[in-house]
Amino acid sequence: MKRSAFVWINDELSALSQARVSVDDRGFLYGDGFFETLRAEDGCVPFLNEHLERLRASAQAFRINFPDQVSWEDRLTRLLAANGLQQGIAAVKILLTRGEATGLGLPNSPSPTLVIWARPYQPPAPEEYEAGWPVVVFPARRTTFIGGHKSLNYLFYLAARQYALDQGAKEALILEVDGLVSEGAATSLIVALSNRFLTPASPSALPGVTVAVLARALGRRGKNLERAQLQLSQVQEVDGLWLANSLMSVMPVSSLAGESMPQASEKTRFLQECLAQEAKS
Ligand SMILES: Cc1ncc(COP(=O)(O)O)c(C=O)c1O
């Protein structure tokens, strides 16, 4: 029999079937909240602090009270155990909304809603990491201050990912309004140019935890992850292009807008190994 799933709603660990969020919650009404997606492996959740820092910074920027009293590691341990996810890979999601409060603007709400759930996560197959993912360019461009936050207003990214899927691709590349390369629909970008690694400097991209961790890992090895403004035409000429996020780690791009991209398997393994080692340290 399938075990029932459990989820934290504020301070209660509830059966998913019992868990309720009000229809007056501003997360539902306006997307007035933020989320984090983390990867748990054998009960450990690496880079938890980096994710919480990003969530806290977004909450503060938008005047949502951040629940500082929460004992995050304890909650995650209990959540993974309740869901039978102490072994293997799981996706953990932390959602924080303003909760219930009336009025437009960013009203003060004494009780934000905090939801934490965990589900089994099946990473892409090893052959996919070997062959890479086809990526297409999403035609609608994006420049918004909210892009820098992992906000619950995720519709743009869902539409971008669907655009890619409808074309038989796996990810959509997002451009800033002025044409600068920004990120993927659910991924940050890494570029290899000769012996350098770059990531796009893009004013409205999400500051990715994975990219930050990779920058740290490369630094330990005497290398840099440089931030550079990149045009699409430049990215089409690079020596290697990768997608990166917390769940998937680093995935090479096999083609961009229908044009094959050079495969740099050694660099792929190097980047994946950098992340794996940081997760252990
Ligand atoms: C739009 C967007 N960019 C980048 C990323 C990568 O972020 P992280 O490395 O923090 O998972 C994500 C993650 O889902 C995302 O949604």
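Odds and ends about this structure:
- Single match in Glu226, Glu237 (criterion: in contact with a strand residue (DSSP E or B) (Cβ under 9 Å, 6 or more places away or on another chain), free of Cβ contacts under 8 Å to residues at least 12 places away in the same chain and surrounded by fewer than 20 Cβ atoms within 10 Å (Cβ to Cβ)): Glu237
- Within the stretch 193-218, the residues that satisfy the criterion of being under 16 Å from Phe47 (Cβ atoms) and either surrounded by fewer than 20 Cβ atoms within 10 Å (Cβ to Cβ) or among the hydrophobic types (A, V, I, L, M, F, W, C) (or both) are Leu206, Pro207, Val209, Val211, Ala212, Val213, Leu214, Ala215, Arg216, Ala217, Leu218.
- Taking each residue of the stretch 165-188 that is in a loop (DSSP other than H, G, I, E, B) and looking for partners that are near the ligand (Cβ under 7 Å from one of its atoms) and not aromatic (Phe, Trp, Tyr) with beta-carbon atoms closer than 7 Å, six or more apart or interchain, yields Ala186/Asn245; Thr187/Ala244; Thr187/Asn245.
- Filtering the stretch 202-223 to residues that are away from the ligand (no atom under 11 Å from the Cβ) and part of a loop (DSSP other than H, G, I, E, B) leaves Pro203, Arg221, Gly222, Lys223.
- The lone exception for Val238 - which of (1) under 25 Å from Pro126 (Cβ atoms); (2) more than 16 Å from the ligand (Cβ to nearest atom); (3) part of a helix (DSSP H, G or I) it fails: (3)
- Residue list for the stretch 58-98, restricted to those being free of Cβ contacts under 8 Å to residues at least 60 places away in the same chain and assigned to a helix (DSSP H, G or I): Ala59, Gln60, Trp72, Glu73, Asp74, Leu76, Thr77, Leu80, Ala81
- Test: Arg119 is surrounded by fewer than 20 Cβ atoms within 10 Å (Cβ to Cβ), within 10 Å of the ligand (Cβ to nearest atom), charged (D, E, K, R) and in contact (Cβ under 8 Å) with a residue 60 or more places away in the chain: no
- The set of residues in the stretch 254-270 that are more than 24 Å from Gly219 (Cα to Cα) and either of a type in the set (S, T, N, Q) or touching a residue at least 40 places away in the same chain (Cβ under 8 Å) (or both) comprises Ser254, Ser255, Leu256, Ala257, Gly258, Ser260, Met261.
- Extreme residue, surrounded by the most Cβ atoms within 10 Å (Cβ to Cβ), among residues of the stretch 34-57 that are more than 16 Å from the ligand (Cβ to nearest atom) and part of a loop (DSSP other than H, G, I, E, B): Gly43
No lab work stands behind these numbers, since they all come straight from the coordinates. Being a predicted model, the structure only gives us computed values, none of them experimental. No Cβ is skipped: glycine too gets one built from the backbone with ideal geometry, and neighbour counts run over all protein chains shown.
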